[in-house]
Amino acid sequence: MSITGLELELVGKDGNAYAIMGECSKVLKKAGLYDEFWSDYYAEATSGDYEHLLATTMDYFDVF
């Protein structure tokens, strides 16, 4: 699932899982999409290891 056009900047950010999910949460809230996408994103992102979290994040957001 991708949220078309929703950009997430991770370059230069803290690279731990909680920081990444925090950035995702901020972007979703700012776009007014938190209630619609957060629970699905969170469930998928936390269902595996760190690499899975990154892959899920790239599936949901336009990461740069």
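Computed from the coordinates by the stated procedures, all read-outs in this text should not be read as laboratory data. Everything quoted here is computed from the prediction, not taken from an experiment. Please note: Cβ atoms are built from the backbone with ideal geometry, for glycine as well, and neighbour counts cover all protein chains shown.
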Say we join alpha carbon atoms closer than 10 Å with springs in a Gaussian network model of the chain; which of G22, G12, G48 then has the biggest fluctuation?
G12
Hey, got a sec? Which trypsin sites (Lys or Arg not before Pro) in the chain land in a DSSP loop and have at most 13 other Cβ atoms within 10 Å?
K13
Output the relative contact order of the chain, whole-number percent, from Cα pairs under 8 angstrom with separation of 6+ residues.
51
Top positive-direction residue, dipole computed over region 15-59 with Cβ charges, set A31, A45, N16:
A31
From the list (1) 10.6, 31; (2) 16.3, 54; (3) 10.5, 28, can you say which value of Rg and Dmax of the Cα atoms in Å was derived from the structure given?
(3)
With +1 on each Lys and Arg Cβ and -1 on each Asp and Glu Cβ, how big is the dipole of region 15-59 about its Cα centre, in debye rounded to the nearest 20?
280
